[in-house]
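Here is the structure we will look at, set down as structure tokens.
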């Protein structure tokens with residue numbers, strides 16, 4: 001595999017049983033993503049976008065196929081190894097933020113440290129969290145409860161949380177889907193800024209204008225890449 005390739009999936013398939021019927025969600029999907037680039041995944045509802053993202057995030061196992069990351073086949077790793085790798089290497093931004101509303105911004109961004117195989121001193125955690133909040137423009141709201149924030153601010157908290165482990169790969173599922181145009185553009189600019197810093201971004205979106213800002217766009221239809 002080319003040394004500039006961050007990840008490559010080959011013939012990835014996923015299906016679900018529904019009674020006697022089998023629903024094929026992904027059908028022998030192949031994809032290669034270069035380090036430090038951005039990729040948008042598009043497609044209608046039910047086309048397999050989120051399933052593909054979850055497989056890339058090691059949240060879901062494919063039925064068949066290979067997942068190669070930085071030259072290493074990680075398809076058959078144990079759950080523990082996958083969880084540790086995900087914590088250290090992948091920043092995940094899910095739909096609707098997935099924040100603890102009655103906790104502070106700081107507490108939410110601190111969460112990945114609780115699951116890290118690496119131990120951090122308290123002061124080290126503090127500096128990393130402050131740096132992440134500063135990057136997303138929310139340092140002054142570190143003590144604020146998430147429940148009082150706007151939608152755009154909540155999404156920035158979710159991004160800060162995804163950044164604290166300094167991952168190489170950022171996976172985002174509809175990161176602007178619930179935001180107005182202005183906030184959506186601000187979030188997109190923030191994400192693309194991370195790519196400029198060397199991160200790799202893969203995002204699911206329905207927004208063609210935002211997808212066009214990415215280096216690469218693929219379209220899923222009935223579990224297959226059509227573009």
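State the antiparallel share, in %, of DSSP beta bridges confined to the chain, rounding to the nearest 5. Among the beta bridges of the chain, antiparallel pairing accounts for roughly 55 percent. Calculated mean residue ellipticity, 222 nm, the chain: -10000 deg cm²/dmol, from DSSP H runs (n ≥ 4) at -39500 (n - 2.57) each, averaged per residue and rounded to 500. Could you tell me how many degrees, from 0 to 90 and to the nearest 10, lie between the Cα long axis of helix 79-89 and the main elongation axis, the longest principal axis, of the Cα atoms of the chain? Taking Cα atoms only, the helix is inclined about 60 degrees.
More than 14 angstrom separation, counting every C-alpha pair in the range 3-75; what % is that?
Everything past 14 Å amounts to 62 percent.
When the alpha carbon gyration tensor of the chain is reduced to an equivalent ellipsoid, the three semi-axes, largest first, read 29, 20, 17 Å.
The alpha carbon centroids of the range 34-66 and the range 72-120 are separated by 18 Å.
None of the figures in this text is laboratory data; all of them are computed from the coordinates on show. Since the model is a prediction, treat every value here as computed from it, not as a measurement.
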